[in-house]
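Reviewing the structure listed below.
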Amino acid sequence: MERGFAKKAVLLGLDSAVPGFVERFACEGKLPSIRRLIEGGVFAEAIGAIPTLTGPNWPTIATGAWPRTHGVTDMWVHIPGEPLDRVHSGFLTTYCRAEHLWDAAERVGKRSIILKYACAVPRTVNLGVQVDGYATPWWGSNLFEICPCRCFSIQPLPGATSVRLSVAGGWSNAPRSYSKPLETTFSFSPARGKGGVTFHGLVIDSAGRGYDLLIISKSKDASELVARLSVGEWSSWLKSEFEAIQGHPVYLTQSLGLLDAGGGKLLPTYDLKPELARRVEGAFRFKLIELSKDASSFRLYLSQVYPTRGYTYPDDVSDELLASVGPFQEHIGPYPLYSGWIDEESYLEEMSYQADWLGKAGVHLMSCHEWDLFFLQWHGCNHAQHSFWAGIDPISPWYKPSEAERYWKIFSRFYGMADRMVGRIAEGADEDTLIVVVSDHGHIPLIKGEILIANVLARAGLLSFKRTNGSVAVDWSRTRAFPQRNVHIYVNLKDRDPDGIVEPGKEYEEVRDKIISTLYGLKDRDGNSPIYLALKREDAEMLGLGGERSGDVIYQMAAGYHGDPSTVTVDLEPFSYGKTGARTMADDVGLARKPTSVHGQHLSTTRLGLGSIRSTFIMFGPRVRRGCKLLTQVRLVDVAPTIAFALGIPVPAQSEGRVLLEAFEGV
């Protein structure tokens, strides 16, 4: 079969889209656009890379190479010779050693549009268009954002900014209030930078039935108001200027902390290589989440403050998008929901805004710019499944039959957001365009508990630390093994690691054997083993790992468990139980306060309950078989070479995948 029968290609990435849910909702008619692609093309459950995480898998899809080859072996990357607690962001192309499909296409003069595709900055293309491309899933970690979302609250909430409502004074042009008007201020600053902005708030009893209205103004003159909000209402998009620093993190440091409550985290601390602070315009909006009639309860949500320029290539593309689509909000993660800042509806509204924005932005870019390949990644399904999985899966400890119908509607709602986005972009593609819809991994429920890997190593005498004034630091002089997120354990090896104490050769092998036997020796309170697989670096090649950027030992969890390599407790207890298995989750806080489904530390073939870690793969377009479910093995490394084959362009230089010839007619 000759190559090059498609003129263009579109790759639409739906992070964490579970194949079973895609099929179910498509059959039920809830995903009409995706159903059209399935019925007119091929569908498969694909096998992803290990670890089953965002960081390694989107580069795998874009390069056709396994993590061992492209070098992004986790969400964070450890560079040999650096301290074992130093890692680098896997979301930077700086640490990807394989050629991307868009770079291979550019070698033959093809142009790409890259729209919020994860792990794509710093950009590597000179032709075409790029919008964002960092796409980390964590709160407060985007390279371009000016300020992460915030909450202003009377009641104490994790991470919220405390405010106090007092009797208002000195206001002019204020609306009538049947009760004494109350006032406060809302101030926020760049996460990296100086200065900030302050808005004035006036709380009004507009009808004599209690406080029900918030005025947000630039000053105490209500004629300068920027928003007039009742509970549940969003403001329009607002703009302000900030002195912000934007830059790439040079590295992250994992440091031990021991809390009085008995636990501490090996949290990543960013070390930034900043540019000089510069004047940046940012867009944002407010939503009044809560205001009680007596004003004893109050919550105001501030969306992520994102720049109106500076996040696209070429730079003026951001002006086009602002004019045609509106402000871009990059982050839609669950931290505000987990922290009690917002409710479920607000969470889903932000998710919907971003999906609609990406769909409209994609259509605009495709119609206004020359292109041959189009790439997009949306993280909504991942965030929502972490938050709501327990509501629909009967094996979850949180599952309540009386609530299941409501949560199934939520699931069909956010999968429907993805479908609208896919539909908009697919409509902009003609009959000569190949369309691929793919996810990087799936999800399974968390039901059996967490394994505290650092505690496990410490109990075995492999990890040591010093306690000082309530905090701890690794004692490298006595530490023989160190856990890194999410599946890697390193031996503290002489002549390789700066603080190495383990001799190469026999002692190195003895330490690795002890790590593996210790992991396999774990048994939970029911006598079950939480470790499904533990193997040496050189044996991990069969998982697509191994090589110098992988741990000396790599492990995979059994279904239902989660491994936490970053918590140390006083008692060094290996297991953390609770209704959900999540250490920081009390049994009485209810759904959607911590993740109720997991991925990342399980083989990509794992299934549990309603879940599967397998990836969704759909392909539609010229010469693609119609209505065919592929039963042959489809792997995420096969995506890039298959697209390259259809377009007749070079396969990315380090690609290790095969062309899915069985997906095409005439083969």
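Matching residues to (1) touching a Phe, Trp or Tyr at 6+ places or on another chain (Cβ under 7 Å); (2) at pLDDT 95 or above; (3) crowded, with 19+ Cβ neighbours inside 10 Å; (4) assigned by TED's automatic domain parsing to the domain that holds SER346:
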| site | (1), (2), (3), (4) |
| --- | --- |
| VAL197 | yes, yes, no, no |
| GLY201 | yes, yes, yes, no |
| LYS218 | yes, yes, no, no |
| VAL231 | no, yes, no, no |
| HIS248 | no, no, no, no |
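When residues in region 256-300 are screened for being farther than 22 Å from PRO137 by Cβ, part of a strand (DSSP E or B), at pLDDT below 50 and of a type in the set (A, V, I, L, M), 0 of them pass. So, in region 613-634, exactly how many residues are in a strand (DSSP E or B), touching a Phe, Trp or Tyr at 6+ places or on another chain (Cβ under 9 Å) and not β-branched (Val, Ile, Thr)? Adding up the residues that qualify gives 4.
Restricting the first member to region 301-320 and to residues that are closer than 20 Å to ASN126 by Cβ, and the second to residues that are of a type outside the set (S, T, N, Q), the beta-carbon pairs closer than 6 Å and six or more apart or on different chains are TYR311/ASP132; TYR311/PHE144; THR312/VAL131; TYR313/ARG123; VAL317/VAL129; SER318/ARG309. Scanning region 22-42 for residues that are buried (at least 24 other Cβ atoms within 10 Å of the Cβ) and either closer than 30 Å to TRP138 by Cβ or in contact with a Ser or Thr (Cβ under 9 Å, 6 or more places away or on another chain) (or both) turns up VAL22, LEU31, ILE34. Just one of the listed residues (ALA404, ALA429, ALA418) is in a loop (DSSP other than H, G, I, E, B), within 29 Å of the chain's Cα centre (by Cα) and either at pLDDT 95 or above or under 30 Å from ALA663 (Cβ atoms) (or both), and it is ALA429.
Meeting the requirement of 1 or more residues that are touching a residue at least 12 places away in the same chain (Cβ under 8 Å) and in contact with a helix residue (DSSP H, G or I) (Cβ under 6 Å, 6 or more places away or on another chain), the strands (runs of 3 or more DSSP E) wholly within region 462-560 are 481-484, 488-491, 531-536, 553-557. None of GLY201, GLY210 is assigned to a strand (DSSP E or B) and among the small types (Gly, Ala, Ser) except GLY201.
In region 551-558 there is at least one residue matching the filter, namely being over 25 Å from the mean Cα position of the chain (by Cα) and at pLDDT 95 or above. When restricted to residues that are under 28 Å from HIS602 (Cβ atoms) and of a type in the set (Ser, Thr, Tyr), region 444-481 contains 1. Of the numbered criteria (1) out of contact with any Gly (no Cβ under 7 Å at 6 or more places or on another chain); (2) buried (at least 18 other Cβ atoms within 10 Å of the Cβ); (3) not assigned by TED's automatic domain parsing to the domain that holds PRO59, the one SER604 fails is (1).
This table checks each residue for (1) outside the structural domain of ALA355 (by TED's automatic domain parsing); (2) assigned to a helix (DSSP H, G or I).
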| site | (1), (2) |
| --- | --- |
| SER367 | no, yes |
| GLN377 | no, no |
| ASN382 | no, yes |
| PHE414 | no, yes |
| VAL422 | no, yes |
| ALA454 | yes, yes |
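To keep it simple, each residue is scored yes or no on (1) touching a Phe, Trp or Tyr at 6+ places or on another chain (Cβ under 7 Å); (2) in the same structural domain as VAL634 (by TED's automatic domain parsing); (3) over 18 Å from HIS602 (Cβ atoms).
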position	(1), (2), (3)
LEU31	yes, yes, yes
ILE34	no, yes, yes
ILE47	no, yes, no
PRO67	no, yes, no
HIS70	no, yes, yes
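Of the residues that make up region 567-577, is at least one in contact with a strand residue (DSSP E or B) (Cβ under 7 Å, 6 or more places away or on another chain), under 30 Å from GLY71 (Cβ atoms) and either basic (Lys, Arg) or modelled with pLDDT under 90 (or both)? There is at least one residue in region 567-577 that is in contact with a strand residue (DSSP E or B) (Cβ under 7 Å, 6 or more places away or on another chain), under 30 Å from GLY71 (Cβ atoms) and either basic (Lys, Arg) or modelled with pLDDT under 90 (or both). Of the residues contained in region 153-171, none is found to be touching a Cys at 6+ places or on another chain (Cβ under 6 Å), crowded, with 22+ Cβ neighbours inside 10 Å and not assigned by TED's automatic domain parsing to the domain that holds ASP499.
When LEU610 is tested against (1) modelled with pLDDT of 95 or more; (2) buried (at least 21 other Cβ atoms within 10 Å of the Cβ); (3) of a type in the set (A, V, I, L, M, F, W, C); (4) over 19 Å from ASN486 (Cα atoms), exactly one condition is not met: (2).
From SER477, SER464, grab the single residue that is touching a Lys or Arg at 6+ places or on another chain (Cβ under 7 Å) and either surrounded by fewer than 24 Cβ atoms within 10 Å (Cβ to Cβ) or over 15 Å from LEU519 (Cα atoms) (or both).
Numbers: SER477 fails: touching a Lys or Arg at 6+ places or on another chain (Cβ under 7 Å).
None of the others qualify; the one that does is SER464.
Being surrounded by fewer than 24 Cβ atoms within 10 Å (Cβ to Cβ), closer than 30 Å to THR605 by Cα, of a type outside the set (D, E, K, R) and out of contact with any Leu (no Cβ under 8 Å at 6 or more places or on another chain) is a description that applies to GLY547.
Quick one: in region 176-195, which of the residues that are in contact with a strand residue (DSSP E or B) (Cβ under 6 Å, 6 or more places away or on another chain) and exposed (fewer than 15 other Cβ atoms within 10 Å of the Cβ) is farthest from ARG285 (Cα to Cα)? Here the answer is LYS180. Kindly evaluate VAL129 against the criterion of being outside the structural domain of LYS194 (by TED's automatic domain parsing) and modelled with pLDDT of 95 or more. In short, yes.
Does SER303 count as within 22 Å of ILE154 (Cα to Cα), polar (S, T, N, Q) and modelled with pLDDT of 95 or more? Reasoning before the result, please.
Values: within 22 Å of ILE154 (Cα to Cα): yes; polar (S, T, N, Q): yes; modelled with pLDDT of 95 or more: yes.
Criteria met by SER303.
When you go through ILE114, ILE154 one by one, which is the residue that is over 15 Å from THR312 (Cβ atoms) and β-branched (Val, Ile, Thr)? Reasoning before the result, please.
Working: ILE114 fails: over 15 Å from THR312 (Cβ atoms).
Going through ILE114, ILE154 in turn, the sole match is ILE154.
Condition check for GLU541 on (1) out of contact with any Gly (no Cβ under 7 Å at 6 or more places or on another chain); (2) at pLDDT 95 or above; (3) buried (at least 16 other Cβ atoms within 10 Å of the Cβ); (4) under 25 Å from VAL72 (Cβ atoms): one failure, at (3). Of the residues that make up region 648-659, is at least one in the same structural domain as ILE50 (by TED's automatic domain parsing), without any contact (Cβ under 8 Å) to a residue 60 or more places away in the chain, touching a helix residue (DSSP H, G or I) at 6+ places or on another chain (Cβ under 9 Å) and assigned to a loop (DSSP other than H, G, I, E, B)? Yes: region 648-659 contains one or more residues that are in the same structural domain as ILE50 (by TED's automatic domain parsing), without any contact (Cβ under 8 Å) to a residue 60 or more places away in the chain, touching a helix residue (DSSP H, G or I) at 6+ places or on another chain (Cβ under 9 Å) and assigned to a loop (DSSP other than H, G, I, E, B).
The values are calculated or read from the model by the stated rules, or taken from the named source; none is laboratory data. From a predicted model like this one, the values you see are computed outputs, not experimental measurements. Neighbour counts are summed over all protein chains in view; Cβ atoms, including those assigned to glycine, are modelled from backbone coordinates with ideal geometry.
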